[in-house]
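Here the structure comes first, spelled out in structure tokens, and everything after it is commentary.
The values are calculated or read from the model by the stated rules, or taken from the named source; none is laboratory data. Because the structure is predicted, anything quoted here is derived from the model rather than measured. Neighbour counts are summed over all protein chains in view; Cβ atoms, including those assigned to glycine, are modelled from backbone coordinates with ideal geometry. To get the accessible areas, we keep the full protein, side chains included, count just its heavy atoms, and leave off ligands, DNA and RNA. Shrake-Rupley method; radii C 1.70, N 1.55, O 1.52, S 1.80 Å.
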Amino acid sequence: MMADGTLTPVLMDVDTGVDDAMALALAWAAPQIELVGVTTVAGNVTLDQATTNTLRVLNTIGATDLPVYRGMSRPLVRDHFDAAHFHGNDGLGGALFPDRERSVEAMTAPEFIVQSARNYQGSLTLCFVGPLTNLAVALSLEPDLPDMVDHVVVMGGAFQMPGNATATAEFNIAVDPEAAEQVARSALAVVWIGLDVTHSTNLYREDWDLIDDSATGGPKVVREVCRQAFEARFADLMHLHDPLAVGVLQDPSLIVGVDLPVTVDTSVRQTAGTTRMMLDESTHTNQLVAVEVDAARFRELFGSVLGIPLSDRE
Ligand code: RIB
Ligand code: CA
């Protein structure tokens with residue numbers, strides 16, 4: 001919600017996989033957010049699959065007119081690698097959502113990012129929950145982009161804990177370290193939502209069991225995209241990585257952030273994609289790294305906004 005009580009215009013960039021799907025459903029249902037469009041990028045799955053998945057999820061939640069723009073099909077420099085082992089080859093955990101004869105817009109994702117920043121004259125918030133390739137290209141198209149948007153919330157990084165793509169790197173950053181490094185070096189006001197906090201924000205099996213199979217809309221998305229993890233892999237919980245970025249958009253007080261410069265390892269070593277906070281108090285950027293989260297309050301927000309019952313498991 002803007003200071004004047006109007007809705008916050010938000011552009012979401014996704015690599016629609018399981019948690020991206022839940023993040024889209026959460027953003028669409030959030031009372032304070034006006035989703036202006038969705039851009040897609042290669043990440044969890046290929047660009048084509050991520051784009052198809054995004055259209056299917058938007059159909060399921062009733063966002064049938066929300067425009068979708070295809071972005072980059074591969075990282076800036078490196079070969080793409082996916083996360084199909086976790087999200088399934090389809091990227092949605094086998095969930096079958098309806099197709100609709102709706103295609104993407106003609107404009108590319110980076111062009112739409114720049115055009116939207118211009119149109120919203122500084123009030124647009126960006127929410128990136130996949131590799132940062134589209135944002136890096138948008139910065140090259142429009143170097144003044146940092147002055148043209150309110151801020152960016154990024155789900156990405158592992159600052160004071162191990163990675164999930166490699167021993168030290170989180171997936172979104174590991175897929176495109178060069179793009180992340182360009183974002184970190186830019187003047188963009190970034191809030192980095194890394195594994196440091198997303199590993200505390202979970203959907204438990206007990207919660208999932210409470211969602212009815214006849215659910216529709218957002219609850220249906222959560223029920224179906226998590227089914228494979230909970231029923232086939234017997235998972236006990238699902239980390240709500242991308243939904244937390246949307247939660248922080250709605251309520252920045254959910255996290256405690258530190259204002260320290262971020263570096264990204266772009267070497268060819270095993271550490272590529274590692275993110276670090278420069279413990280140099282002298283330099284201040286307009287970037288925040290989330291180091292604490294009120295997980296219980298986020299859980300309440302996730303359940304209440306999406307209209308799904310939650311177990312009493314903490
Ligand atoms: O590390 C978690 C992130 O990587 C999430 O955005 C998930 O969707 C994958 O893209
Ligand atoms: Ca994602």
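Before moving on, here are some points about what is shown:
- Toward the positive end of the charge dipole of the chain, with +1 on the Cβ of Lys and Arg and -1 on the Cβ of Asp and Glu, the farthest Cα among Gln250, Phe86, Met277 is that of Phe86.
- For the chain, a Gaussian network of Cα nodes joined below 10 Å ranks Leu55, Leu124, Leu96 by mean-square fluctuation, and the top entry is Leu96.
- Surface exposure of the chain, expressed per residue as accessible area with a 1.4 Å probe, stands at 39 Å².
- Anisotropy class of region 7-91 from Cα gyration tensor, a/c 1.5 cut: prolate
- Positive-end residue, region 179-231 charge dipole about Cα centroid, Cβ charges, pick of Ser200, Ala229, Ala184: Ala184
- Taken over the Cα atoms of region 114-159, the convex hull encloses 77 Å³ per residue.
- The string of couplings for region 195-202 from the Karplus curve (6.51, -1.76, 1.60, θ = phi - 60°) is 4, 3, 10, 6, 6, 9, 10, 10 Hz, one whole number per residue in order, with x for Gly and Pro.
- Projecting the Cα positions of His151, Ser140, Ala169 onto the charge dipole of region 138-186 (unit charges on Cβ atoms of Lys, Arg, Asp and Glu, taken about the Cα centre) puts Ala169 furthest along the positive direction.
- Cleavage-rule hits, GluC sites (Glu not before Pro), region 85-144, DSSP coil, Cβ neighbours within 10 Å at most 11: Glu101
- Size descriptor for region 181-246, Kirkwood hydrodynamic radius: 13.7 Å (Cα pairs only, one decimal).
- If the convex hull is drawn through the Cα atoms of the chain, its volume per residue in Å³: 122 Å³
- Of the trypsin sites (Lys or Arg not before Pro) in region 150-257, those whose Cβ has at most 16 other Cβ within 10 Å and which sit in DSSP loop: Arg233
- GNM on the chain, alpha-carbon springs under 10 angstrom: the most fluctuating residue among Ile113, Ile61, Ile193 is Ile61.
- Counting every alpha-carbon pair across region 254-305, the share separated by more than 13 Å comes to 67%.
- Against the rule of thumb 2.2 N^0.38 Å, how large the Cα Rg of region 216-314 comes out: 1.39
- Amide hydrogen proximity for Gly156: with H placed 1.01 Å from N in the peptide plane, the residues at 5 or more positions away or on another chain lying under 5 Å are Ile193, Gly194.
- Remark: region 110-220 is approximated by an ellipsoid whose semi-axes, taken from the C-alpha gyration tensor as √(5λ), come to 29, 21, 11 Å, largest first.
- Accessible surface of the chain, 1.4 Å probe: 51 percent of it comes from carbon and sulfur atoms.
- In percent, rounded to a whole number, the relative contact order of the chain is 20, using alpha-carbon pairs under 8 Å and six or more apart.
- Net dipole in debye of the chain [+1 Lys, Arg Cβ; -1 Asp, Glu Cβ; about Cα centre; nearest 20]: 420 debye
- Comparing Ala50, Ala109, Ala295 in a Gaussian network model of the chain where C-alpha atoms under 10 Å apart are linked, the largest mean-square fluctuation is found at Ala295.
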